[in-house]
Amino acid sequence: MPTVLRVGQYRFYFFSHDLLEPAHIHVDRERFSAKFWLEPILLSRNVGFNSHELRQIEKIIQEHKLLLMEKWNESFNKQIR
């Protein structure tokens, strides 16, 4: 599960087996975890983050969306070949 971005305490990453799902990003901090779809940016799953923190994470994703989509395409296009 390659880490593609770190911002503060947050780690943003993909799972290699996520190839068949639409573009998304996993986010962890300590024992908390969330999953956001990238097109459009929507919360898919949340374990432990409060609503304020989810809004912060969503803002970070929006600010880095181009990078995250680029990394998604790089990661999963390589697996398709």
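Things to note:
- Within the stretch 42-81, considering residues that are more than 15 Å from Val27 (Cβ to Cβ) and in contact with a helix residue (DSSP H, G or I) (Cβ under 8 Å, 6 or more places away or on another chain), the one modelled with the highest pLDDT: Ser75
- Residue within the stretch 49-66 that is in contact with a strand residue (DSSP E or B) (Cβ under 6 Å, 6 or more places away or on another chain), in contact (Cβ under 8 Å) with a residue 24 or more places away in the chain, outside any strand (DSSP E or B) and of a type in the set (Lys, Arg) present: no
- In the stretch 22-38, residue nearest to the chain's Cα centre (by Cα) [restricted to those that are surrounded by fewer than 15 Cβ atoms within 10 Å (Cβ to Cβ) and either within 16 Å of Arg6 (Cβ to Cβ) or modelled with pLDDT under 95 (or both)]: Pro22
- For the stretch 1-42, the tally of residues that are within 17 Å of Leu54 (Cβ to Cβ) and part of a loop (DSSP other than H, G, I, E, B) stands at 5.
- Qualifying residue in the stretch 9-20 (condition: touching an Asp or Glu at 6+ places or on another chain (Cβ under 8 Å) and either closer than 16 Å to Glu74 by Cα or in contact (Cβ under 8 Å) with a residue 60 or more places away in the chain (or both)): yes
The values are calculated or read from the model by the stated rules, or taken from the named source; none is laboratory data. Owing to the predicted nature of the structure, the values given are computational and were not obtained by experimental measurement. All Cβ positions, glycine included, derive from the backbone under ideal geometry; neighbour counts span all protein chains shown.
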